[in-house]
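Below is one structure, written out as structure tokens; comments come after it.
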Amino acid sequence: MIATLPIATPRTNVRRLSLLLALTLALLGACGGKPKIAKLPADAVILAFGDSLTFGTGANTQESYPAVLERLAGRKVVAAGVPGEVSAAGLARLPAMLDQVKPALLVLCHGGNDFLRRHDEAAAAKNVRAMVELAKNRGIAVVLIGTPKPGLFPSPPGFYADIAKDLKLPYEDAALKKILADNELKSDLVHPNAKGYARLAQAVADLLTTSGAL
């Protein structure tokens with residue numbers, strides 16, 4: 001008895017093409033996905049740059065997020081946070097810090113004081129973008145942390161996500177939003193406590209891992 005193969009109908013072909021397209025998109029998503037960073041050598045230096053959130057206001061020095069990140073990442077992390085600093089001052093300060101530290105990676109967390117002082121949000125966005133470009137133009141990888149605007153439901157302004165998308169940066173937008181909405185993780189209205197900074201450091205370490213840096 002001779003076996004016969006089923007004849008493909010137009011409907012069958014459409015289903016096969018749909019399945020092939022779905023598989024192709026899934027593979028592209030798995031490969032293209034989130035921005036990647038080259039793996040950091042063991043002796044690489046990470047520069048954590050920002051304001052009081054990077055300084056660690058509300059906790060001891062060894063409980064700040066850069067100090068905890070150093071332990072999690074197994075790389076040296078230089079903390080360069082200045083309490084009260086606005087983004088324009090951060091942009092002016094960054095070049096000297098890059099010259100001094102010579103980091104392989106910049107973790108940028110800036111803009112919060114612009115929001116607290118009701119400075120122009122468009123200017124803050126321009127300054128944060130300029131800081132990212134300054135580092136990238138020197139061949140330094142950048143990770144961006146979105147700083148929430150104060151309010152009943154603190155959340156980072158959309159410009160952080162826009163910058164991360166445009167400049168292909170690994171971006172952490174959820175950690176601070178969750179921390180500042182939880183009284184058990186805060187030292188005051190706008191700063192984490194030790195437990196909160198540990199959460200932020202873990203979120204950054206996880207992002208570095210998924211991006212390939214660790």
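The values are calculated or read from the model by the stated rules, or taken from the named source; none is laboratory data. Keep in mind that what you see is a predicted model, and the values were worked out from it rather than measured. Please note: Cβ atoms are built from the backbone with ideal geometry, for glycine as well, and neighbour counts cover all protein chains shown.
A few remarks follow.
- Of all residues in segment 107-135, those satisfying the criterion of being touching a residue at least 60 places away in the same chain (Cβ under 8 Å), of a type in the set (A, V, I, L, M) and touching a helix residue (DSSP H, G or I) at 6+ places or on another chain (Cβ under 8 Å) are VAL107, MET131.
Results for (1) crowded, with 17+ Cβ neighbours inside 10 Å; (2) more than 24 Å from ALA38 (Cβ to Cβ); (3) out of contact with any His (no Cβ under 8 Å at 6 or more places or on another chain), shown as yes or no for each residue.
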| residue | (1), (2), (3) |
| --- | --- |
| ARG75 | yes, no, yes |
| VAL86 | yes, yes, no |
| GLN100 | no, no, yes |
| GLY111 | yes, yes, yes |
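- Flag if LEU23 is of a type outside the set (Asp, Glu) and modelled with pLDDT under 95: yes
Conditions tested, residue by residue: (1) in contact (Cβ under 8 Å) with a residue 40 or more places away in the chain; (2) over 19 Å from THR54 (Cβ atoms); (3) in a helix (DSSP H, G or I).
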{"residue": "ASP162", "(1), (2), (3)": "no, yes, yes"}
{"residue": "LYS168", "(1), (2), (3)": "yes, yes, no"}
{"residue": "LYS177", "(1), (2), (3)": "no, no, yes"}
{"residue": "GLU184", "(1), (2), (3)": "no, yes, yes"}
{"residue": "TYR197", "(1), (2), (3)": "yes, no, yes"}
{"residue": "LEU200", "(1), (2), (3)": "yes, no, yes"}
{"residue": "ASP206", "(1), (2), (3)": "no, no, yes"}
{"residue": "THR210", "(1), (2), (3)": "yes, yes, yes"}
{"residue": "ALA213", "(1), (2), (3)": "yes, no, no"}
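- The sole residue among LYS149, LYS136, LYS168 that is at pLDDT below 95 and within 18 Å of the chain's Cα centre (by Cα) is LYS149.
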